[in-house]
1. Residue check, B:Ile110 against (1) assigned by TED's automatic domain parsing to the domain that holds B:Gly170; (2) modelled with pLDDT under 95; (3) β-branched (Val, Ile, Thr), all met but one. Which one?
2. Please find, within the stretch B:94-127, the residue that is surrounded by the fewest Cβ atoms within 10 Å (Cβ to Cβ) out of those that are under 19 Å from B:Thr166 (Cβ atoms) and of a type in the set (D, E, K, R).
3. Working carefully through the options B:Glu72, B:Glu76, B:Glu109, find the one that is more than 12 Å from chain A (Cβ to nearest Cβ) and either in contact (Cβ under 8 Å) with a residue 12 or more places away in the chain or within 20 Å of A:Ile74 (Cβ to Cβ) (or both).
4. Residue by residue through the stretch B:106-125, note down the ones that are more than 14 Å from B:Val224 (Cβ to Cβ) and of a type in the set (Val, Ile, Thr).
5. Identify the single condition in (1) closer than 20 Å to B:Ala21 by Cα; (2) surrounded by 20 or more Cβ atoms within 10 Å (Cβ to Cβ); (3) away from chain A (no Cβ under 12 Å) that B:Thr82 does not satisfy, given that it satisfies every other one.
6. Under the condition of being surrounded by fewer than 19 Cβ atoms within 10 Å (Cβ to Cβ) and touching a residue at least 24 places away in the same chain (Cβ under 8 Å), which residue from the stretch A:159-186 is nearest to A:Ser12 (Cα to Cα)?
7. Mind checking whether some residue in the stretch B:140-158 is more than 14 Å from every other protein chain (Cβ to nearest Cβ), at negative phi and hydroxyl-bearing (Ser, Thr, Tyr)?
Number of protein chains: 2
Amino acid sequence: MEEVKLLGFWVSPFSLRVEMALKLKGIEYEFIEAQRPIKKCPNIIKYNPIYKKVPVFLHNGNPIPESLVILEYIDENWKDGTSLLPKDPYQRAIARFWAKFIDEKCLPEILKLCYDSNYEVKVKAIGELQELLKLLENEMMKDNNKIFFGGENKVGYMEIVSILITYWLGVMQEALGVDILNKKEFPNICGWADKVISFSFMKENLPPREKLLAIYKEYAQPLVPPNNELSHTHK
Amino acid sequence: MEEVKLLGFWVSPFSLRVEMALKLKGIEYEFIEAQRPIKKCPNIIKYNPIYKKVPVFLHNGNPIPESLVILEYIDENWKDGTSLLPKDPYQRAIARFWAKFIDEKCLPEILKLCYDSNYEVKVKAIGELQELLKLLENEMMKDNNKIFFGGENKVGYMEIVSILITYWLGVMQEALGVDILNKKEFPNICGWADKVISFSFMKENLPPREKLLAIYKEYAQPLVPPNNELSHTHK
């Protein structure tokens, strides 16, 4: 018998990426909620000592951290059934390129936006994120490569990788009262996000919006100008 | 006829990763040296508008940026002959994990060490890099997963990905007069680096050390304490 476990946290889009991949492939697994604070969870320290983060995938006791690495592993190890990545090598490369872009470029700005307590850092992160989203918007406008939906009208690698942008970001910006990703400036990303979220697979697996929003309202650092700015405004 | 081109720069270890992959696979290619400054090279702007960096791989006119994405593409598209990544899915995952670690964690610190002009930023980067290298050193000490040499005594994915650490870093630290990666503190990494560099494939393909050193001596920002520190020392 194979032992498939996921050490995760329901608030994490990276943890959900892995759950979605397992569900798309029809792989049974046990979900283990990491103890908080996650950096101090004994299982996390044991299985992901380098990053001390969720998700950690455990296959027959062998740990794999990092959601994008896990998705590749799942796709390679269970070759039968739905393929997560597109089949064509060039489409696969382009999908990997954009996944890296989301995690390496967009994510650090999103983290600053949410958790940094410095007002100026947050404002700068908003600007950076808007610039990055413009690059994605332009790519989606042409979408020569049909990376979104892999040219097919179904949920695949890009759709599950992108939940950070297509679902979480909207919740975060509502929690913080900021307007970054909107239909006027980003019609293609928003149109795609609407389409992704309307899939029954997504509806069944995304956490309820209100529940997620409540968490971000509680834990995100609010965007408040520094005191001197406030007093200046009040004069 | 297939058209295989690489838009690169001989000083870049990321560009050389791709050349090494092509050579290990026995794929003929045309190397096109990017014009400098690279961010203004018309070919770079055309084919890698998101990052404006080398390398860019061009296969039958289709561009792929990002060296790790290119290596995956080359390994998938030319399946015959030497495989770059290990064959076992778990070993592949671990190799990808450490490749990501080198590029996402070590590289930003190495860039600060080399090109940031602020003394404190550079000193902090040295400390961060030492902590990161300790994590790699510990992993190599156990090497349960046999990721290094993929359990085989030959050059593969991890060896070509790691040239940033096993070759470039030594050159950079000599150019800057700093001592980060040394045999006393990092016997496993240094031992592995010595072994990697002793392969004839590496000797034939790495740029001559003196030539690389001269470039870094010219372009790296020296590590000089701020004026007040200097004057304090001279008192």
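1. (2)
2. Among those that are under 19 Å from B:Thr166 (Cβ atoms) and of a type in the set (D, E, K, R), it is B:Glu104.
3. None of the other options fit; the residue is B:Glu109.
4. Correct list: B:Ile110 only.
5. With (1) closer than 20 Å to B:Ala21 by Cα; (2) surrounded by 20 or more Cβ atoms within 10 Å (Cβ to Cβ); (3) away from chain A (no Cβ under 12 Å) applied to B:Thr82, the lone miss is (2).
6. It comes out as A:Glu174.
7. no
Conditions tested, residue by residue: (1) within 24 Å of B:Ala95 (Cα to Cα); (2) within 11 Å of another protein chain (Cβ to nearest Cβ); (3) not aliphatic (A, V, I, L, M).
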position	(1), (2), (3)
A:Val11	no, no, no
A:Ser15	yes, no, yes
A:Ala34	no, no, no
A:Pro42	no, no, yes
A:Tyr47	yes, no, yes
A:His59	yes, yes, yes
A:Ile64	yes, yes, no
A:Gln91	yes, yes, yes
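The values are calculated or read from the model by the stated rules, or taken from the named source; none is laboratory data. Please read all numbers here as calculations on a predicted model, not as lab measurements. Note: ideal-geometry Cβ built from the backbone for every residue, glycine included; neighbour counts use all protein chains shown.
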